[in-house]
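The structure under discussion appears below in the form of structure tokens.
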Amino acid sequence: MFTKQDLRRLILPLIIEQILLVAVGMADTIMISSVGEAAVSGVSLVDNVNVLLINLFTALATGGAVVAGHSLGEGSKERASEAAEQLLLFVSVASVVIMLALLAGRSWILTHVFGRIEADVMADARLYLLITAFSIPFIAVYNAGAAIFRAMSDSRTSMLVSLIMNGVNILGNALLIYGMGRGVEGAAIPTLVSRMLAAVIIVVLLRNQ
């Protein structure tokens, strides 16, 4: 079935990719430390929510990609393509609903889930959550696309896209935080842009028949 070398080629890029997905939020937390303690605390609180959502979409995408992988195993490329399209559609709709719910209830989430928060931390957390919430559909689409590539025994492509996403995020943070002094906003905007770019790239690559 699979040799040890085949499994290494599949698993190692997958592990790196999962680390890189979480590294986007970690980079924001580390690079925002120059702004102040309130900014670091605000970004860290919201990043906990983002990591939870990333894991949720990863699980959903993996489950959906199993169907596509099963169809590929049977030699039915048409059914595999249909399953991939349905997965992307479902994840897109679900992520938009979650995004809207998060935007509508962001104050409730920050006050009831994390308890009593100082005013300056709350202000930074609200701003960071407001901007990064718009990246939820894009990270969901990226996760779905990455899962589809893994169903085709290709985890290297999604790892490379994740590397691009992290590179754009770090460069954007450096420009906006250190260069322009935009604070929490300077950490959130590159996160949004990098996830948008990753989603676009993965969808374009998936359209390659």
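Annotations for the structure displayed:
- As a rough guide to protection, the peptides 195-204, 54-63, 94-103 ranked by mean Cβ packing within 10 Å, highest first, stand as 195-204, 54-63, 94-103.
- Here the translational diffusion coefficient of the chain follows from Stokes-Einstein with Rh set to the Kirkwood radius across Cα pairs; for 4 °C and 1.567 mPa s it amounts to 73 µm²/s.
- Acute angle (nearest 10 degrees) that the helix 4-31 long axis makes with the longest principal axis of the chain, alpha-carbon atoms: 20
- For the range 111-173 versus the range 180-209, the gap between their alpha-carbon centres in whole angstrom: 9
- Summed over the residues of the range 60-182 and divided among them, the accessible surface reaches 51 Å² per residue at a probe radius of 1.4 Å.
- Angle between the chain longest axis and helix 37-73 axis [Cα atoms, degrees, rounded to 10]: 10
- Summarised in one figure, the compactness ratio Rg/Rh of the range 1-98, Cα atoms and Kirkwood Rh, is 1.12.
- Globularity ratio of the range 123-209, using Cα Rg and 2.2 N^0.38 Å: 1.19
- Ellipticity at 222 nm from helices only: DSSP H runs of n ≥ 4 in the chain, each -39500 (n - 2.57), divided by the residue count, give -28000 deg cm²/dmol.
- Cβ-placed point charges (K, R +1; D, E -1), dipole of the chain about Cα centre in debye, nearest 20: 360
- Residues whose amide H comes within less than 5 Å of that of Arg182, counting only those at least five positions distant or on another chain, are Ile177 (H built at 1.01 Å from N in the peptide plane).
- Per-pair calculated FRET efficiency, R0 = 25 Å: Ala94 and Ser33 via Cβ, rounded to 0.05: 0.15
- Helix 136-151 and the longest principal axis of the C-alpha atoms of the chain enclose an angle of approximately 30°.
The values are calculated or read from the model by the stated rules, or taken from the named source; none is laboratory data. Since the model is a prediction, treat every value here as computed from it, not as a measurement. Don't worry about glycine lacking a Cβ; one is built from the backbone with ideal geometry, like all the others, and counts go over all protein chains shown. The protein model used for the area step is the full one, side chains on, heavy atoms only, and it has no ligands, DNA or RNA in it. Shrake-Rupley method; radii C 1.70, N 1.55, O 1.52, S 1.80 Å.
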